[in-house]
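Student: I'd like to ask some things about the structure below.
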Amino acid sequence: MNDSNVTPMISMTHVQKHYGDLHVLQDITIEIPRGQVVVVLGPSGSGKSTLCRTINRLEPIDSGEIRIEGELLPAEGKDLARLRSDVGMVFQSFNLFAHKTILQNVTMGPTKVRKVSSADAEKHALELLDRVGVTKQKDKYPAQLSGGQQQRVAIARSLAMDPKVILFDEPTSALDPEMVSEVLDVMVSLAREGMTMVVVTHEMGFARKAADRIIFMADGAIVEDTDPESFFTAPKSERARDFLSKIL
Ligand code: ADP
Ligand code: MG
């Protein structure tokens, strides 16, 4: 068997992190294989965003190890920049560059970081914009788009870097309800195409439809790590039962 088939896409080993006295990540150990779609659930403040942010080192950790396809994520330097560009991130707040057009938002990373030619970057960007259904908006600026369109552009921008994994941190939480499904549909299609994804969301429909695995966190620790069917029909912990009773 080829090595890349067995090396996890992401591995976290005994990861600890504090914010002052707050033990925000408590001995997190997980392996996420290539192509897996992991939905991270848990009450507000349980450490879900911090978990995502440590995976591409937007947040440093106190101890433990994080590896991307077997390669240790360093604290800084060239290797960090390269590994980080393999890990896409889509945030609740879109985070598009306000003074760049939609097309420029998508071509910027590949031309600046990946050193792709402008012509190639533009060709790929147009394909991606088409795929997420916002081709018509290509010459507009982010503020001229709806939230749902902006978030789809954010996904296209992430895909333009040809990432190995994409982290989504509550990607639909800031959207008006009627725009949630247009973003989830794009995510479901990515999941079906085999993208490795870590998705923090409260959208249980998405979790049931697309997740291969549910990680339930509470107070900085992983409390359950199981398949969606088991989690939704027979949660083992009191914390998960309590969480589900409030959200479903
Ligand atoms: P979640 O995404 O599950 O709501 P977070 O990872 O955002 O949880 O936060 C976990 C805990 O860490 C919360 O108690 C939050 O207040 C705290 N926290 C998050 N970011 C910081 C920070 N930069 N400094 C201090 N405390 C933080
Ligand atoms: Mg959060």
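Student: Before anything else, pin down the relative contact order of the range 135-204: Cα pairs under 8 Å, at least 6 apart, normalised by residue count, whole percent.
Tutor: Details: 49 pairs, mean separation 27.3, N = 70.
Over the range 135-204, the number comes to 39 percent.
Student: With an 8 Å Cα cut-off and a minimum separation of 6 or more residues, compute the relative contact order for the range 34-175 in percent. Working shown, then result.
Tutor: Values: 162 pairs, mean separation 43.7, N = 142.
Over the range 34-175, the number comes to 31 percent.
Student: For the range 68-143, state which chymotrypsin sites (Phe, Trp or Tyr not before Pro) are in a DSSP loop and have at most 13 other beta carbons lying within 10 Å of their beta carbon.
Tutor: Values: sites: PHE91, PHE94, PHE97; in loops: PHE91, PHE94, PHE97.
Sites meeting the loop and neighbour criteria: PHE97.
Student: Cβ neighbours within 10 Å, averaged per peptide: list 46-56, 204-214 in order, most packed at the top. Let's see the in-between values first.
Tutor: Working: 46-56: 22.4, 204-214: 18.5.
Ranked from most to least packed, the peptides come out as 46-56, 204-214.
Student: Give me the Debye-computed log₁₀ of I(q)/I(0) at q = 0.08, 0.09, 0.11, 0.15 Å⁻¹ for the chain, equal point scatterers on Cα only, no solvent, two decimals.
Tutor: With one equal scatterer per Cα and no solvent, log10 I(q)/I(0) is -0.31, -0.39, -0.59, -1.09.
Student: To continue, here is another question. Could you please tell me the mean projected area of the C-alpha convex hull for the range 18-116, averaged over all directions and given in square nanometres to one decimal?
Tutor: On the way: hull surface 33.4 nm².
So the mean shadow area of the Cα hull is 8.3 nm².
Student: When the dipole is taken about the Cα centre of the range 131-211, and only Lys, Arg (+1) and Asp, Glu (-1) are charged at their Cβ, what size is it in debye, to the nearest 20? Walk me through the numbers on the way to the answer.
Tutor: Values: 10 positive and 10 negative charges, 59 e Å.
The calculated dipole for the range 131-211 is roughly 280 debye.
Student: Only sites in a loop by DSSP and with at most 10 other Cβ atoms within 10 Å count here; which GluC sites (Glu not before Pro) in the range 17-107 make the cut?
Tutor: Values: sites: GLU31, GLU65, GLU69, GLU71, GLU76; in loops: GLU69, GLU76.
Sparse-neighbourhood loop GluC sites (Glu not before Pro): GLU76.
Student: For the pair SER118 and LEU244, how long in nm is the line joining their label points, each one 7 Å along Cα→Cβ?
Tutor: 5.5 nm
Student: Counting only pairs 8 or more residues apart or on different chains, how many lysine pairs in the chain have their Cα atoms under 17 Å apart?
Tutor: For the chain, qualifying lysine pairs total 12.
Student: Hydropathy at least 1.6 by Kyte-Doolittle, axial extent at least 30 angstrom from the Cα trace: which helices of the chain, defined as entire DSSP H runs, fit? It would help to have the intermediate numbers written out before the result.
Tutor: Numbers: long enough: none.
Both cut-offs are met by no helix.
Student: Per 5 Å bin, what percent of the C-alpha pairs of the range 161-248 does each bin hold, from zero upward?
Tutor: 3, 12, 23, 24, 18, 13, 5, 1, 0
FYI, it's all coordinate maths here, none of it is from the lab. As the structure is a prediction and not an experimental result, all values here were calculated from the model. Note: ideal-geometry Cβ built from the backbone for every residue, glycine included; neighbour counts use all protein chains shown.
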